[in-house]
Each structure stands twice: as structure tokens, then as C-alpha cells.
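Chemist: One structure follows; several queries about it will come next.
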Amino acid sequence: MKKQLWNFMFLLFFLLSFSLGSAIAQQGQITGRITDSDSGEGIPGVSVLVKGTTRGTITDIDGNFSIMASSADVLVISFIGYQTIEEVVGNRSVINLNLSQSVQALNEIIVVGYGTQERKEITSAVTSVKAENFNQGTVNDPRQLLQGKVAGLNIARPGGNPNRGFNMRLRGISSIGENAEPLVVIDGVIGGSLSTVDPNDIESIDVLKDGSAAAIYGTRGSAGVILVTTKSGRSGRTVVEYNGSAAVENVARTIRVMTADEYRQVPNAVDLGGNTNWLEEVTRTGVSHVHNLSLGGGNASTAYRVSVNSRNVEGVGINSGFNQLNARLNLTQRALKDKAIFTTNISTTTVDRRFGNENSFRYAIVSNPTVPVRSQLPQDAPFGGYTERDIFDWFNPVSIAEQNIADGRDNRILASIRGEYNFTSKLSAAVFYATQRETDWRGFYSPKTAKFGGGFGRNGLATIQNDERLNELFETTVNYNTDLGKVNMALLGGYSFQEFFNQGNYMQAGDFLTDAFTYNNIGAALDFANGLADVRSYANQNRLVAFFGRANFNYSDTYLLSISARYEGSSRFGANNKWGLFPAVSAGVNIANLVDITGVSAMKFRASYGRTGTQPGESYLSLLRFGRQGNFFYNGQFVPSYGPVSNPNPDLAWETKDEYNIGLDFVVFNNKIDGAIDYYTRVTTGMLLPINVPVPPNLFPQTVLNIGEMLNSGLEFMVNYNAIQKTNFRWSTGLNFSTLRTNLRSLSAGNLSFGEVNYRSNFGSPGQNLTQLIRIQENGPLGQIWGPVFDGVNDDGSPRMKDLNGSGGYCNCNEDRTQLGTAYPKFNFGINNTFSYKQWDLNFFFRGSIGHYLINSYRGFYENLEGTTVQNYNVVKTKYYDPRITKAEYNSSHVEKADFVLLDNATLGYNFLVGPGKNVTRLRAFLSVQNPIMFTGYQGVDPEVRYLDSETNDPLAPGIERRATYFTTTITTFGFNISF
């Protein structure tokens, strides 16, 4: 299938090459001069581009230009601080034009919910990132394009696992009980999956940050909204583009452990004669290559773009990586004298995954370095020759990675069609339908020789899992725009119906005659005949229905007002709370239109309020449900039994978020500096949490209730500075900065409570299962890291803990524990710099997080001699290592400040000069390095913020670096971009 698709694409491109040659043959040389309309002086560095192509040039120091174009071509002339104009070439060979200054930063078109607006008209907190400002290098996940680019949007993926996704949080934690990630909307498809979009196909990403902007999406907007717009074709000649790159990926950070020689010096260490660097044994240099091929074009009535993207990515971990193939078609057709516009977007993605196993990293750190990877000893023969030892919590790291099979396949298809009819220049209506289907298949096999993964104990163990998600959306909207003297009014009304269906199945069985089948013949497992196999399946659905409307008013481009509301119902709500109203109002005033301020081109003050919600994360939580509870023996045979799995709650409703935002947009100093400042306060009430309830009268000991209240507030600042804009040299820089404060005002409702004080997560085995790591406290901040305070070393080698309550000694109780740090940063920032000199360009981007702490699990378990003398583990040896400590016991010394500044990306490019009359209109080569430098005092693997506990997926237990963290990596990429 892949081969046929590629053959079709190349044949299509070959045929188009004839038309390309014909178009070029009709071109002639166009010259001219671009001048300032006020001064009459030539403007250097102005971009002159043939519309619908990537063929262009820039004016020289006197404003002169020369370009090849045909009579039918349209020249697009643009420059920072000036109005963009379009000029048809016609029969002219000389074109001289005047440019008028403009406030470009506020004239930018921004995508908002169900439409677009000019930035100068927006009265909410909205940030737009265009393709030219995306993060560069090897970017395999669309989320990476935004990482560090938007104030208040935090995107993190601890470690470098290519199959692990990124966590997104906008303005902190919007919910502690349900999904806390922003809603994603792709080309109008609400709840679209980002895995259906290749990063190369994205035109822009707009972030709706405050409640007034997101309220139009109702029960799913409380965590913010990410609007993704994909690239579309343009009228004009057909443009063929190819982007290709190859990359090598290497381990950037691990954690310091003892070498074999250092280990042998430890008293009572077991020396097995080897000299193994386990960290090197489980890693490799990952080699990746990415190919993107697209063509786009059209005429006055039709525009199209089709693309194919191929990604082959190797992780640094053995047997980790993926192969991805993505294809996309975007088509726009005009009809009925341009009154009707039909838009179709179709994308399909297939990803074949090799998961490897992150536990190979965990055991590489803990493994005795004198143990050989393989041995010829008889006791190791059953394990395939890998050295295995009969000690607690140890497995051969190389065996984990090489013997166990962990595969997956993801299939995604997203298709939408939109029909719009313009009845008049003021009135239009549209109908939109979209369907998204996602299927995830997973296959795991642990062979008979694998100690880790259960294969050895089960005589081979196979697991197969299938999950399928279907999302169908139907919407209709009506738009009316009119001018009433000085007042422009834009009205929107709409109806939305969305249905979700999920189903899946799971099978696990062991006891195979041979390992040859792996997971491909699970029916051969003898566990089925013996009644030991685990087989289960599920299915559920839910629906959302909404009516929504919005009214925007603009008085002389000075006074702005926006009012919106969404009335939405969900089948996931209780019988008494099926519907909710989500209103919003925002207003703004363009101060520069009222007051003449020296150096100020534009300044807009805005204020907003909006209500959004969060619906329950599962279906049927409001109902009394029964589920399988095992078997009982009756009348000579085992009979399946059923019992309650949830209590009825007819009052179950959505979480409610009320958000207030004030902001200032500005353009100053002759349009060289633009930016925005925002301050917000957000109150979340009725959080969806599982609460312990008495049995009886309840049938089940937990009920999901709306309970508690949480406050978030913060300051966001973003500024861009076009420092130098000369003919041969340009420099622009930008900074974004955000702060965050959280407070759990309440976790109670009436006589029910989630617990005024609650403790989450523990360290785990060996020996530290009863530790308490994270504290949740009413009227306290989220993410409190909790524990005893280190106060030296006792004579027996155990850590001495401080007596905090003055009782005369450490009581090993909460009275002698305290807050040791906060898991969430006080502020995040990103700094971007772009330089260009003649044909060269350089971009580098720093980002960082300041004020957060992490629990370093590696140090808490292994930075002592107990592991060596008792279990023959290796010793973590950071700058904090103290040879006097011979007992592992979690305390404040294992909680580290995790501030970091990271050079996220540095890219150097060269744009080759393309002469007139050539088929190639653009040729650029680049070298990019990701994560080459990190400044941090943290001694663990990755100081990245942890927004949840990776072992339990608990959002109430952030700030823990667990022992199975995938090592961080540095990626070096060489690539080129070519256009025809």
C-alpha cells in the first residue's frame, strides 16, 4: 500500500513538471523600486513574492528589485511595519510602488472559535504562532512546534522516549479530577487528534487562553483551546515542495553511578568479574530520516494541496522507535459565481511502533557493574544465556530490551467537508460534517527465556489489545455582518451535535509450546484450555448537543465588545443536570486612537470574563452500574458473579471554571516592538472527584461527585523586537514569560469531603512502600512535596531526621514532616533569536522553568551503601553522595531544586541563490541541533516539570522523577528544502 501511494505521488509530480516548464518559459524579467509613501525614500529588505509560489526576492539598499514573472502573476509586496499590497504584473516590465506604514502586529488574522478576526479586534487572550515561527529540527509531534513559544502554555515530555506523548498545561492545572489538557480543534473538528496531522502540514496554531475566548466550546474549554489550521493550496501555478532530513540522536543526560572499579572498593560488594557499563549497553545512536512531499495550486475556482509524509525514527533505547506514514488532501471548490464554497480535508496516518522498555534504563542504573551481560553458566541457560540473578527487584537490563517484544500500530483517519453559501455580502450560512476514527493495536510477547515480563514463569506470555474511538460531528452556522454607521456588527449563531463511540478488547494468555508464534497465534496458548487466560472487552458512547451564538461590535476601530454563549447538554451528566450555560463577555479600547502617545503606534486595553466547563471523563458515571466481580462455585460449577461498580448520582454535573482576564496589547517605537501583557484569575468549582461514601446505604464505596474549589492566577508577558532590519542583515528577538499561583480553597461539599489533608503516592519497593510524597491540603497550593528533613547521619549509617515538633526525637509521623518544595514552577520563559545575513540564517531558542522541585527517586533508593551490601545494587554517585550513609530512607536531601535553562534548538541555514528561468524556485540546506546545552543543578535524568505521577497517572501527585525515566537526548539534524 505504501509503495503504491508513493508511486502515484511521483507519477503525478512527473506529469506536473511539463506544466511547470511551460509556465516558466512565458516569464520575463520585472524590475522596479519600492518607496516609502511619506518620505519617498527607497525601502531596503522589502519582500517581493510571486503569489502562490515560493519564488521571491528582496529589495536592495535603494529599494530596487528584479524578479522573473509572467503577465498573469500577482506580486505580493510586504515588509515589517508596512501594509502588504498585491499587484498584477500585466503587460508591464517595470513596476514602481509606494508602501504605507501600518501597525502590522495588530492587523494579523487570528483564528478564533468558529471564525477569524483581525488581532486589533480581539478582546480576549489569544496567541497565534505561524509556521515560520515554529520550533525547528526533528519535530515528530505537533506539540513540539509550540514548546516554549506561548506564555502560559507549558509542554513537557520528560526523557526522550519517541513513543511517549507530551503533556500540555495551559495556565496551570485547570482540573485535578478530569482531563487537564487543552481541547484541540483541527480545521474546525472539535476534539481532533493531533496524531492525524504531520507537523509539516500545519500553517498556524492559535491558542485560546482565557475563559471568554474558550467559552464558545462550553463543557470542554476549561483547560483552554488549541486551534490547528493546516496548509491549503493557493490559486496560481502548481508548487511542488520537498523537505527531507536525516538525524542522529544520542544520550544527553543519564545519572552518575559507580564504575566497576569504584564498586569493587565498596565494603562487602559482590564482585562477579565483569566490567559492564550498563547505561551504554541499553542505548545506541538513533538514526532517523523524515521526508515530506507536497504539491499545491489551483485556479480561480479550485485550490488544492496534497502531501505525503514519511518518518522513520529510532530511539536511543534498544528496540524503540516508530515508522509513520501520513497523507493529507485539502481541497477548496468555488461554485455558483463564488457564492458557494466547498472545503474538503482528508488525512490518514499509520504508525508502526516499537516500544522497547523504559525499565531497561531503570535496571541499567541499579545493576552491579561487575555482572557480565551474558554468561555460559548452566543456571543462565534457561534465560537464553543472559546473566540473571536470584535477588529482589533485579533483571538483566539488556535482556529486558532484547528479549521482550512490544509492538503497536496506530491508525488514524480524519475527514471533514464544509459547505458555505453567501446569500449576500452580509449573510452566509455553512454546514459542516466531520468524522474521526482512531484505532490502537498493541502486541506484547515475553518468551520462555525472559525473566522480566512474565515469560519465564508462564512458559511464554502473549498480550493483544485493541482500542477503537469514533468521533462524529455535525454543525451548522449562520453569520451576519453589517455596518451601522461607525459600528461594525458581526453575528454568529450555530448548532452542534457530536457523538463518540469507544470499544475495545484485551487478551492475555500463556503456556506456549514454542516462542515462534510470539503474539501472532495467541489461541495456541494452553491457558485457554486450562481457564487461566484473561479475556475482556468493552463499549461505551456519549453525545454532546449545543446551541451557541456570538456578537462582536466594533465602534470606529476604537471601542470593541464581544458577547457569546453556549448552551450545551451531555449524556455524561446526571439526569438532573443534563444542560449547562456557558456565557462570556469581553471588551476593549484602542487607546492609541484616543490619545496621541509619543512612540506608540497602537495600544489596546481589554478585559474579559468567561465561564467554561469540564465534563466527566467516562460515560455512565451518574448511573448505578454492575460489573464482573469474579466467580463463585454453585451446583458443581463456577458461575460468574456481578456486583456494583458505581453508585447513582442524578446530580452529576460539569466542573465550572469562571475566569477573569485583563490585558494590554501594544506596538511601540516605530512598530519595532510589539507584545501583550495579561493577568488572569480562574476559579474552578464543582470538581469531579471520587469520594468515599458509606456502605450502606450506598452499594459501592465510592461516588464521583462535584466537590471543592480551586483558584489559579498568573501574569503573562510576551514581547517581540525587530531590532535590525537591513538589506543584508536582520535580527529579531522575542521573549515570553509566565507565572502561576494555585490554591486548593476547598475539597469539601456539605458533609462530604475528599479529605482536608490527603497524601498521594509512595516511593515503592524495595523497602519504602509506606512513604508519603505529595500532600493535598485545603487552602494550600497544589503540588506540595512532603517528607522528613535530613539532619545528618546516625552512627548506624541511617539518615537522621530533624525533630520538627519539639518532642525530643523524630517520631516518623506527620508532625515531624513538612513541605519540602513545590512541584510546579514559579515561572516559565522562552527566548527566541533569529538572524539573517545575506543567504545565511540562524535561529536559536532558549526555554526554562524556575522554582519547581523534583523528588529524585534514583538517589532516594540507591545513593547509599545499603543497596550494595544487601542486594548487590550499584550506587548512584552524584555530588551529594555521602559514603557514611548505609541505609536507604527518603528525606529532604532527595528533593532537589530543578530549575533549568535549555538551549532547545539551534538551526543554521543557507539559502542558495536561484537564477531566473530555473525550475527550482527555492533551495535551502540547514543544520539543526536540539537540546545541546542544559544549565541546571538537578542531579537526576531530566529536570523537566512532572505534571503527574508517571507510575499511576495521578494528576494530584506531580513532581516525582520515577526510576523508569527514559534518558534525555540530543538530536543533530541535517536537511534541505526545495521548491519547484
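The values are calculated or read from the model by the stated rules, or taken from the named source; none is laboratory data. Quick caveat, the model's predicted, so the values are computed rather than measured. Here the Cβ is made from the backbone with ideal geometry for all residues, glycine too, and neighbour counts use every protein chain on show.
Chemist: Just to verify a result, which residue in segment 942-977, among those that are of a type in the set (Gly, Ala, Ser) and touching a strand residue (DSSP E or B) at 6+ places or on another chain (Cβ under 8 Å), is surrounded by the most Cβ atoms within 10 Å (Cβ to Cβ)?
Modeler: GLY959
Chemist: The conditions are (1) in a strand (DSSP E or B); (2) within 19 Å of THR656 (Cα to Cα), and GLY617 fails exactly one of them. Which is it?
Modeler: Status for GLY617: all satisfied but (1).
Chemist: Something else now. I need a count of the residues in segment 782-816 that are buried (at least 18 other Cβ atoms within 10 Å of the Cβ), in a loop (DSSP other than H, G, I, E, B) and touching a residue at least 40 places away in the same chain (Cβ under 8 Å).
Modeler: Residues that pass the stated criteria total 4.
Chemist: With the requirement that a residue be part of a strand (DSSP E or B) and β-branched (Val, Ile, Thr), what does segment 734-773 give you?
Modeler: Answer for segment 734-773, where residues must be part of a strand (DSSP E or B) and β-branched (Val, Ile, Thr): THR739, THR742, VAL757.
Matching residues to (1) at pLDDT below 90; (2) of a type outside the set (Gly, Ala, Ser); (3) surrounded by fewer than 18 Cβ atoms within 10 Å (Cβ to Cβ):
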| position | (1), (2), (3) |
| --- | --- |
| PHE626 | no, yes, yes |
| PRO640 | yes, yes, yes |
| PRO648 | no, yes, no |
| ASP651 | no, yes, yes |
| THR656 | no, yes, no |
| LEU699 | no, yes, yes |
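Chemist: Being under 17 Å from VAL197 (Cβ atoms) and aliphatic (A, V, I, L, M) is the filter here; which residues of segment 133-184 pass it?
Modeler: VAL139, LEU145, LEU146, ILE155, MET168, LEU183, VAL184, listed by residue number.
Chemist: Tell me which residues, restricted to segment 108-132, are in a helix (DSSP H, G or I) and in contact (Cβ under 8 Å) with a residue 24 or more places away in the chain.
Modeler: Answer for segment 108-132, where residues must be in a helix (DSSP H, G or I) and in contact (Cβ under 8 Å) with a residue 24 or more places away in the chain: ARG119, LYS120, GLU121, ALA131.
Residue-wise test of (1) in contact (Cβ under 8 Å) with a residue 24 or more places away in the chain; (2) farther than 30 Å from ALA723 by Cα.
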site: TYR634; (1), (2): no, yes
site: TYR642; (1), (2): no, yes
site: VAL645; (1), (2): yes, yes
site: ASP651; (1), (2): yes, yes
site: THR656; (1), (2): yes, yes
site: VAL667; (1), (2): yes, no
site: ASP674; (1), (2): yes, no
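Chemist: Of all residues being charged (D, E, K, R) and crowded, with 19+ Cβ neighbours inside 10 Å in segment 411-432, which is nearest to TYR480 (Cα to Cα)? Just the residue, please.
Modeler: ARG418
Chemist: Same structure, new question: Does ASN96 count as surrounded by fewer than 19 Cβ atoms within 10 Å (Cβ to Cβ), assigned to a loop (DSSP other than H, G, I, E, B) and either modelled with pLDDT of 90 or more or among the polar types (S, T, N, Q) (or both)?
Modeler: Answer is no for this residue.
Chemist: Taking the criterion of being in contact with a Leu (Cβ under 9 Å, 6 or more places away or on another chain), surrounded by 20 or more Cβ atoms within 10 Å (Cβ to Cβ), among the charged types (D, E, K, R) and farther than 24 Å from THR656 by Cα, would at least one residue in segment 217-228 satisfy it?
Modeler: Checked segment 217-228: no residue is in contact with a Leu (Cβ under 9 Å, 6 or more places away or on another chain), surrounded by 20 or more Cβ atoms within 10 Å (Cβ to Cβ), among the charged types (D, E, K, R) and farther than 24 Å from THR656 by Cα.
Chemist: Can I ask one more? Run down GLY52, GLY32, GLY45 and say which single residue is modelled with pLDDT under 75, touching a strand residue (DSSP E or B) at 6+ places or on another chain (Cβ under 6 Å), over 25 Å from SER732 (Cα atoms) and not aromatic (Phe, Trp, Tyr).
Modeler: Going through GLY52, GLY32, GLY45 in turn, just one is modelled with pLDDT under 75, touching a strand residue (DSSP E or B) at 6+ places or on another chain (Cβ under 6 Å), over 25 Å from SER732 (Cα atoms) and not aromatic (Phe, Trp, Tyr): GLY52.
Chemist: Find the residue count for segment 571-582, including only residues that are assigned to a strand (DSSP E or B) and either surrounded by fewer than 16 Cβ atoms within 10 Å (Cβ to Cβ) or modelled with pLDDT under 95 (or both).
Modeler: Adding up the residues that qualify gives 3.
Chemist: Okay, moving on. Give the residues of segment 106-144 that are surrounded by 21 or more Cβ atoms within 10 Å (Cβ to Cβ), among the aliphatic types (A, V, I, L, M) and more than 16 Å from GLY224 (Cβ to Cβ), sorted by residue number.
Modeler: Hits for segment 106-144 are LEU106, VAL139.
Chemist: Give me the pairs: first residue in segment 394-412 and more than 23 Å from ARG963 (Cα to Cα), second residue part of a loop (DSSP other than H, G, I, E, B), beta-carbon distance under 9 Å, and six or more apart or on different chains, which are they?
Modeler: That search, which allows pairs on different chains as well, returns GLY408/ASN163; ARG412/SER193.
Chemist: For segment 767-776, give me each residue that is surrounded by 16 or more Cβ atoms within 10 Å (Cβ to Cβ) and either more than 29 Å from the chain's Cα centre (by Cα) or without any contact (Cβ under 8 Å) to a residue 12 or more places away in the chain (or both).
Modeler: If the condition is that a residue be surrounded by 16 or more Cβ atoms within 10 Å (Cβ to Cβ) and either more than 29 Å from the chain's Cα centre (by Cα) or without any contact (Cβ under 8 Å) to a residue 12 or more places away in the chain (or both), then GLY767, GLN768, THR771, GLN772 are the ones that fit.
Chemist: Something else about it: Looking only at segment 588-608, which residues are in contact with a Ser or Thr (Cβ under 6 Å, 6 or more places away or on another chain) and either at pLDDT 95 or above or closer than 18 Å to ALA653 by Cβ (or both)?
Modeler: Result: GLY588, ARG606, SER608.
Chemist: Moving on. What number of residues in segment 719-762 are within 30 Å of ILE61 (Cβ to Cβ), small (Gly, Ala, Ser) and within 30 Å of the chain's Cα centre (by Cα)?
Modeler: 2
Chemist: If you don't mind, another one. Determine the pairs where a residue that is outside any strand (DSSP E or B), located within segment 417-440, has a partner that is not acidic (Asp, Glu) with Cβ atoms under 9 Å apart, the partner being 6 or more residues away or on another chain.
Modeler: Close Cβ pairs satisfying both conditions: PHE423/LYS339; PHE423/ALA429; SER425/ASN481; LYS426/ASN479; LYS426/TYR480; LYS426/ASN481; LYS426/THR482.
Chemist: Tell me yes or no: at least one residue of segment 711-733 is of a type outside the set (Lys, Arg), part of a strand (DSSP E or B), under 19 Å from LEU956 (Cβ atoms) and out of contact with any helix residue (DSSP H, G or I) (no Cβ under 9 Å at 6 or more places or on another chain).
Modeler: Yes, the conditions are met somewhere in segment 711-733.
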